[in-house]
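The block underneath contains the structure these notes are about, expressed in structure tokens.
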Ligand code: SAH
């Protein structure tokens with residue numbers, strides 16, 4: 001035990017900043033664009049179609065949390081094959097890790113487009129845009145509240161132990177959340193603020209945002225904080241800065257934050273369904289035909305992204321767009337109300 005208790009989101013923010021600044025996160029976990037090129041290719045084709053619904057001219061292609069730059073590189077490769085696909089395009093990367101910025105610079109050097117880095121989404125230029133974010137929200141800190149009688153207590157961290165303290169404040173998002181005595185409710189104020197800012201940009205500038213992450217379509221109680229250290233599940237409170245800390249994304253709360261800020265939210269869909277509808281298996285067949293010796297690896301990679309018992313159901317895609325734009329491919333209007341939890 002050491003020091004005063006620290007609120008969980010402050011602990012998690014500090015731990016992850018140290019982790020991303022000093023480590024190669026990809027030694028601990030692997031993401032969809034790193035597993036299969038088809039993920040970025042499908043999103044590249046999707047971006048090309050979505051751009052048609054935006055005003056012509058300068059186009060800002062943005063990504064939040066671009067990691068090694070693999071997704072953006074696959075997207076640009078597809079766009080470079082579409083006639084005029086790269087005309088007027090500037091690439092904008094929201095990335096806080098200086099080390100990863102360097103990796104991204106190298107990954108994108110072969111494309112003839114300007115690449116500009118930003119610390120936050122508010123810095124994006126006021127131009128028609130598409131923003132992609134894969135496994136961006138799950139890294140942002142959460143607070144955990146515990147139902148206690150008619151009120152809430154909050155989980156703090158002291159040393160490597162949990163301590164339950166009176167809630168410092170009760171965020172508005174907590175109002176109306178159902179939880180039995182002793183149950184945990186997670187709120188990610190930074191995620192909701194980031195999406196709220198994106199929602200405000202969407203209300204002013206024509207654009208479309210695609211967020212892909214693991215989480216639930218509806219707000220549910222429960223503790224989803226997890227740590228990966230050295231590629232293995234670890235105690236989230238031990239060795240801060242040496243483990244990747246993540247929490248499930250509450251897509252209902254995220255969509256609500258965007259809508260409150262003036263954007264339109266489509267119903268979130270599972271990653272498996274999104275890739276299916278947009279033709280991932282057709283692309284797989286093409287690639288396997290062109291390189292039969294790689295067919296087994298390509299098939300296994302896409303299966304990992306799409307199979308319900310792997311990343312196909314746990315991962316979800318949420319699309320937000322400016323009012324007045326058509327519903328983008330692979331999405332349907334409205335909320336998740338009619339969909340089963342993992343549907
Ligand atoms: N999208 C990539 C990487 C996911 S890892 C992929 O799919 O492979 C999370 C990414 O978000 C890393 O690039 C990390 O440096 C970045 N990141 C974490 N917190 C951030 C923040 N607050 N603002 C911007 N980027 C952040």
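Assorted remarks:
- Residue 55 vs. criteria surrounded by fewer than 23 Cβ atoms within 10 Å (Cβ to Cβ), modelled with pLDDT under 95 and more than 10 Å from the ligand (Cβ to nearest atom): no
- Scanning the stretch 106-138 for residues that are within 13 Å of the ligand (Cβ to nearest atom) and farther than 27 Å from residue 206 by Cα gives a single hit, 107.
- The condition (being in contact with a helix residue (DSSP H, G or I) (Cβ under 9 Å, 6 or more places away or on another chain) and crowded, with 18+ Cβ neighbours inside 10 Å) is satisfied by just one residue among 122, 135: 135.
- Condition met for residue 35 (at pLDDT 95 or above, within 12 Å of the ligand (Cβ to nearest atom) and either surrounded by 15 or more Cβ atoms within 10 Å (Cβ to Cβ) or on the phi > 0 side of the Ramachandran plot (or both)): yes
- Looking only at residues in the stretch 262-289 that are in a helix (DSSP H, G or I) and touching a strand residue (DSSP E or B) at 6+ places or on another chain (Cβ under 6 Å), the one that is nearest to residue 192 (Cα to Cα) is 271.
- Residue match in the stretch 229-243 (condition: surrounded by 18 or more Cβ atoms within 10 Å (Cβ to Cβ), outside any loop (DSSP other than H, G, I, E, B) and out of contact with any helix residue (DSSP H, G or I) (no Cβ under 9 Å at 6 or more places or on another chain)): yes
- Residue 10 meets the conditions (1) within 16 Å of the ligand (Cβ to nearest atom); (2) in contact with a strand residue (DSSP E or B) (Cβ under 6 Å, 6 or more places away or on another chain); (3) closer than 30 Å to residue 170 by Cα in every case but one. The failed one is (2).
- In this entry, residue 61 is excluded by the filter for residues that are surrounded by fewer than 22 Cβ atoms within 10 Å (Cβ to Cβ) and within 15 Å of the ligand (Cβ to nearest atom).
- Selection within the stretch 165-195: residues that are in contact (Cβ under 8 Å) with a residue 60 or more places away in the chain and crowded, with 18+ Cβ neighbours inside 10 Å. The member of this set that is nearest to the ligand (Cβ to nearest atom) is 194.
- Of all the numbered requirements in (1) out of contact with any helix residue (DSSP H, G or I) (no Cβ under 6 Å at 6 or more places or on another chain); (2) in a strand (DSSP E or B); (3) surrounded by 21 or more Cβ atoms within 10 Å (Cβ to Cβ), residue 155 misses one, and that requirement is (1).
The values are calculated or read from the model by the stated rules, or taken from the named source; none is laboratory data. Note that the coordinates shown come from a computational prediction; the quantities given were computed from them, not determined experimentally. With ideal geometry, Cβ positions are generated from the backbone for all residues, glycine too; neighbour counts draw on all protein chains shown.
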